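*Asks:* Here you go, one structure.
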Amino acid sequence: MRIYLQLTRSLERLGASFGIAALRISIGIIYLWFGVPKFFPGVSPAEVLASKTVERLTFGVIEGTAASVVTGTLETVLGLLLISGRLVPLTSIGLLAHMAGTFTPLFIFPKETWEGFCIGTLEGQYILKNLVIVAAAFVVIGYSKAHSRPEPAEPAGPVKAAEPAGPAEPAEPAEPAAPGHPEPAGTASAAVDPAASGSVTRHADV
C-alpha cells in the first residue's frame, strides 16, 4: 500500500510538471507523422481521402497531388509549432479548424467512412480518433491562456484608524484622617502660597 501511494504521488508530481507539455508535444508528433508522408505520392494511406476532401471543400480549386501537399504542409507546420511551443493559442485555433475539416468525410463520403450504423470503416475510425486530439487541444489552449494572464495584484489591506485614547483614570481620593488624629502641621503648611508666607514674615518683622 505504501509503494502504491508513493508511486501515485510521483506520477501526480510528474503530471503536474510535464503533463501539459507532453500532451502538446505528442499532438505535434502525431501531426508530423501524418503530414510528412503526404509530400510523397502513394506513401500516406490517407492520401486519397484527404485529396478528395480538399477538392470537395475548395470546389475543385485544389485537387489531386496539390491537395495532398497542401494538407501535408498544414499538418507539418502545425506539428512543428506544437512541438516548439511557439504561438500555442494561435496554433490551437488552427488545429481545431483543421480538425473540423477532417470530420467532413464522415458526412460527404459516407460510403468510404461507414460500414453500418455507428460502425466505421478503417478510414472512419482513423477520423473518429481525432476526437481525442480535439479534447487535448482544448486542454492545451486553456492551460496556456490561464498562465499567460498576469496575476492580479493583491489589494492593500484597509488602513486601521488610530485607536482613541482611553479616558483618563480619575485620581485616587486622599484617605481621610482618622478621627482624633489631626493632619500633621507640615501638610497644612505645604499648601500655603510662598508669596503669602513672605508677606506674613514681613509684617512680623514690623
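Taken together, the values in this text are just the output of simple stated rules run on the coordinates, not laboratory data. Predicted model only: the values in this text are computed from it and were never measured. Here the Cβ is made from the backbone with ideal geometry for all residues, glycine too, and neighbour counts use every protein chain on show.
*Asks:* What order do you get for 16-27, 108-119 when each peptide is scored by the mean count of other beta carbon atoms within 10 Å, highest first?
*Replies:* Per-residue mean Cβ counts within 10 Å order the peptides as 16-27, 108-119.
*Asks:* How many percent of the alpha carbon pairs in the range 29-142 exceed a separation of 22 Å?
*Replies:* The share of Cα pairs beyond 22 Å in the range 29-142 comes to 32 percent.
*Asks:* Another question, then. Can you check what the net charge comes to around Ala67, using other residues whose Cβ is under 15 Å from the Cβ of Ala67 (Lys, Arg +1; Asp, Glu -1)?
*Replies:* Computed value for this residue: -1.
*Asks:* Another question about this same structure. Be a star and scan the range 120-141 for residues whose amide nitrogen sits under 18 Å from the point 7 Å along the Cα-to-Cβ vector of Met99.
*Replies:* Of the residues in the range 120-141, 124-141 have backbone N under 18 Å from the label point off Met99.
*Asks:* Could you sort the peptides 3-14, 81-92, 131-142 by per-residue average Cβ neighbour count (10 Å cutoff), highest mean leading?
*Replies:* The most tightly packed comes first, giving 81-92, 131-142, 3-14.
*Asks:* Just to confirm the filter: which chymotrypsin sites (Phe, Trp or Tyr not before Pro) across the range 35-109 are DSSP coil and have at most 11 other Cβ within 10 angstrom of their Cβ?
*Replies:* For chymotrypsin sites (Phe, Trp or Tyr not before Pro) across the range 35-109 that sit outside H, G, I, E and B with at most 11 neighbouring Cβ atoms in 10 Å, the list reads Phe59.
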